[in-house]
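The values are calculated or read from the model by the stated rules, or taken from the named source; none is laboratory data. All values derive from a computational prediction rather than experimental measurement. Quick reminder, even Gly has a Cβ in these numbers, built from the backbone with ideal geometry, and neighbours come from all protein chains shown.
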């Protein structure tokens, strides 16, 4: 092989005049290589230790242009050198060399060639001459590129087109001038620039104007339909599908169109799409579903393109293949882009199928231009679609808000107004109520029961509309059942002398037997509890209730506490005389629950304070509760007014809550007996 290489070196002009000994030294560090057409000789970025001298064939020197497209920088043929710059700068190759034809090259190690240059001035001069030719070519290249850039900037393409017509894109012959060779190279750049201009025009004249039109569309079905149809038209695609994301993490088929099958489903057609929704996450494991092309695009928030689905193993295309089999269709190329709103959330997916060559109608892969178009359109479409969804949601919320306001007003109408509160002679009754939301689960009620006064403070579990509806039901049942039965007159017989006992001293069985003879507030609570538990037990809703019957003539308070915070009785001097703890469970939990009844008396100057846990559970901005430690000092102070006590507590609560949102409904009831002697 050394003999063959030696003979080849002798016939190369670069090595003319070198001695046999020098040629033999060079041949010892040289390898003869055969390179097939389209094979890469050197790769940009690789580190090499050799240069190449072309014996036969041609190579192209390329780099990557816009959108990763190949940009031809030069073409080299017999006798020319590749990789010589690394003799000085031992960095990576700055470009890629690809064989344009079957190629034979001599591969010389840098150390061998440098030694020959140092020992032979004639070789050095010949090598410098080769580099000068390359430099001269580069200068002409730069001059021509600048000239063309001016034409392009002015939009004057005629001179460029004339020069391109003088060139061709096949292997360059050695007889051609530098200008012709450079014209061939720059023509590729010119085509790329025209492609960029075409994309710009598409963006300005089609997509942006389409975005304005989409924004003006108010009908959701027509909007979705237009998005898909315009995307198909711009990309010259035969088919397409638009999916919408659901709240339960699925992709629903919204619109389907296939022109060659005359198939139109969804949208304004009124024809339902029978295909099952695509799960974004595995229904068993909860893992992301990357198997489907559409779900993968949605999950990764990026465009996915497949040249031929039948030659792809990355995704499960069984659905598309079943469709093909059913309709005699052939799905080939496919591109899928996510529709992302302003918060970068995917609200849908746009998928186009089978791009067609405008001239031949042949199915082709979706290229970078198609991807650019679909992503630009998807961005515009997502904004329009998101706006439309927001408008529809706003309209829905407005209706809900109106319904809530009506519900709030109805609920407020349930509660006694301050001006309508009964105020028996010698008594003051005051209330405070503040809902945490538009509607509340707390309620209070004050109503006459023959010659006595019914007092109710209650708190329904949970918050919001459901609790508000349950509150209305509970309030209505308690009042209705209590009013239609006579008051606790039987207790008038349970007197010790002329003074009623502070609390009934009898077992529950006897008390319930006495109550059965004359229905009372206890029966109202039992009837309410049984109705709710039997009728609405599956809702797991219940209410804590403090329900008292006050006799203004005697100060006697008969009460039931169904799981509610203990009310307090405070003397005129601020002494906490008693707490009224639970006498039964919360109302509505289980049917046929036993509720006990207790009795106490408010002496002159005494005050009854009942409240919901919204008082003690009030939270500060740093999440600290108000607790009873915050409430008890406020009620254990002398007061000459029930309203003044509630105002004092309200002020302290507002200071504690500060800038935080109110955590729970707040309800308070104060009943004060005037500090006068009994007659």
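Within region 653-666, residues that are within 19 Å of residue 628 (Cβ to Cβ) reach partners that are at pLDDT below 85 with beta carbons closer than 7 Å, at six or more positions or on different chains, in the pairs 662/436; 663/436; 664/436; 665/435; 665/436; 665/440; 665/441; 665/442.
Looking at region 271-294, can you tell me whether even one residue there is in a helix (DSSP H, G or I) and either more than 19 Å from residue 377 (Cα to Cα) or at pLDDT 90 or above (or both)?
yes
What do you reckon, is residue 312 free of Cβ contacts under 8 Å to residues at least 24 places away in the same chain, farther than 30 Å from residue 247 by Cβ and surrounded by fewer than 16 Cβ atoms within 10 Å (Cβ to Cβ)? When the stated conditions are applied, residue 312 passes them.
Among the residues of region 17-40, are any modelled with pLDDT under 80, surrounded by fewer than 14 Cβ atoms within 10 Å (Cβ to Cβ) and within 30 Å of residue 366 (Cα to Cα)? The answer is no; no qualifying residue exists.
Being under 26 Å from residue 362 (Cβ atoms) and in contact (Cβ under 8 Å) with a residue 12 or more places away in the chain holds for only one residue in 305, 233, 277, and it is 305. Right, residue 577: surrounded by fewer than 20 Cβ atoms within 10 Å (Cβ to Cβ), farther than 27 Å from residue 434 by Cβ and without any contact (Cβ under 8 Å) to a residue 60 or more places away in the chain or not? For residue 577, the condition - surrounded by fewer than 20 Cβ atoms within 10 Å (Cβ to Cβ), farther than 27 Å from residue 434 by Cβ and without any contact (Cβ under 8 Å) to a residue 60 or more places away in the chain - is met. Evaluate region 90-105: report whether one residue or more is farther than 20 Å from residue 26 by Cβ, surrounded by fewer than 15 Cβ atoms within 10 Å (Cβ to Cβ), modelled with pLDDT of 85 or more and in contact with a strand residue (DSSP E or B) (Cβ under 8 Å, 6 or more places away or on another chain). Among the residues of region 90-105, at least one is farther than 20 Å from residue 26 by Cβ, surrounded by fewer than 15 Cβ atoms within 10 Å (Cβ to Cβ), modelled with pLDDT of 85 or more and in contact with a strand residue (DSSP E or B) (Cβ under 8 Å, 6 or more places away or on another chain), which makes the answer yes. Filter region 299-320 down to the residues that are part of a helix (DSSP H, G or I), over 24 Å from the mean Cα position of the chain (by Cα) and under 17 Å from residue 253 (Cα atoms) and list them by number. Hits for region 299-320 are 318, 319, 320. Here residue 644 meets each of (1) buried (at least 18 other Cβ atoms within 10 Å of the Cβ); (2) part of a helix (DSSP H, G or I) with one exception, condition (1). Quick check on residue 565: is it crowded, with 17+ Cβ neighbours inside 10 Å, outside any strand (DSSP E or B) and in contact with a helix residue (DSSP H, G or I) (Cβ under 6 Å, 6 or more places away or on another chain)? When the stated conditions are applied, residue 565 passes them. Can you confirm whether residue 582 is within 25 Å of residue 529 (Cβ to Cβ), at pLDDT 90 or above and in a loop (DSSP other than H, G, I, E, B)? Here the answer is yes, as residue 582 does meet what is asked. Pairs linking a residue in region 43-55 that is assigned by TED's automatic domain parsing to the domain that holds residue 79 and more than 13 Å from residue 8 (Cβ to Cβ) to a residue that is assigned to a loop (DSSP other than H, G, I, E, B) and at pLDDT 85 or above, with Cβ atoms under 9 Å and 6 or more positions apart or on different chains, are 44/95. Of the numbered criteria (1) over 26 Å from residue 560 (Cβ atoms); (2) surrounded by 14 or more Cβ atoms within 10 Å (Cβ to Cβ); (3) modelled with pLDDT under 90, the one residue 665 fails is (1). Looking only at residues of region 222-247 that are in contact with a strand residue (DSSP E or B) (Cβ under 8 Å, 6 or more places away or on another chain) and part of a helix (DSSP H, G or I), we find that the one that is surrounded by the most Cβ atoms within 10 Å (Cβ to Cβ) is 227. The sole residue among 599, 637, 629 that is under 18 Å from residue 453 (Cβ atoms) and in the same structural domain as residue 457 (by TED's automatic domain parsing) is 599. For region 581-633, a residue qualifies if it is within 20 Å of residue 474 (Cβ to Cβ), surrounded by fewer than 18 Cβ atoms within 10 Å (Cβ to Cβ) and out of contact with any strand residue (DSSP E or B) (no Cβ under 8 Å at 6 or more places or on another chain), and the qualifying residues are 590, 591, 592. Pairs meeting the criteria (first residue in region 550-573 and under 18 Å from residue 483 (Cα atoms), second residue in a loop (DSSP other than H, G, I, E, B) and at pLDDT below 90, beta carbons under 6 Å, at least 6 apart or on different chains) are 558/488; 560/595; 560/597. Which of the numbered conditions does residue 638 fail, given that it passes all the others? Conditions: (1) closer than 23 Å to residue 562 by Cβ; (2) more than 53 Å from the chain's Cα centre (by Cα). The failed condition is (1).
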